[in-house]
Amino acid sequence: NRVITSKDQVLTDIRMLITTLTDTRELEERESSAGKELEAVSALMRKLVDNYARALIEQNVYDDRYAELLEHSRLLEEEIGKIEEQREQRKARKRELDACYKVLKAAGPIVEFNEELWNVVVENITIQEKSGLEFSIRTTI
């Protein structure tokens, strides 16, 4: 059994990994962009309804254009929903990884097998006939 001599470096690397894996800035930008586009489509729909109400366009033109805008609006709302879901998944992952980090940080020097740490980190082990053991690390805690 070896002591993890560079525990501080391991903790620093884990913290950087957590930051990278759970960053939501790109998702927030995509959501903002889709939201702005949805607002623009809604404005076009209101203008179309207004023009139809003032008899500036014919029924078939109105129906076709409204259906197009409605579908575009539905797709944008669906995209926003998916982005929100991804953002929430990353936030949940961050909470889980932070919990793992705290356990490792509080563990002190690791000089012998630590069952609690093992159970927090390792999901399962598969015995490969030719290559030995294959460890699966938890992605959720």
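Could you list, in sequence order, the residues of the range 46-102 that are of a type in the set (Val, Ile, Thr) and either farther than 30 Å from residue 29 by Cβ or open to solvent by 90 Å² or more (accessible area, probe 1.4 Å) (or both)?
Matches in the range 46-102: 49, 57, 61.
Which pairs turn up if I take residues in the range 89-117 that are at pLDDT 80 or above and look for partners that are among the polar types (S, T, N, Q) and surrounded by 14 or more Cβ atoms within 10 Å (Cβ to Cβ) with beta carbon separation below 8 Å, at least 6 apart in sequence or on another chain?
The qualifying pairs are 90/22; 90/24; 91/22; 91/24; 93/22; 94/22; 97/22.
Is it the case, given these coordinates, that residue 141 is modelled with pLDDT under 75, closer than 30 Å to residue 30 by Cα and in contact with a helix residue (DSSP H, G or I) (Cβ under 9 Å, 6 or more places away or on another chain)? Show your work before the answer.
On the way: modelled with pLDDT under 75: yes; closer than 30 Å to residue 30 by Cα: yes; in contact with a helix residue (DSSP H, G or I) (Cβ under 9 Å, 6 or more places away or on another chain): yes.
Criteria met by residue 141.
The values are calculated or read from the model by the stated rules, or taken from the named source; none is laboratory data. Given the structure is predicted, the values throughout are model-derived calculations rather than measurements. We place every Cβ from the backbone using ideal geometry, glycine too, and count neighbours over all the protein chains shown. With ligands, DNA and RNA removed, areas are computed over all heavy atoms of the protein, side chains included. Shrake-Rupley method; radii C 1.70, N 1.55, O 1.52, S 1.80 Å.
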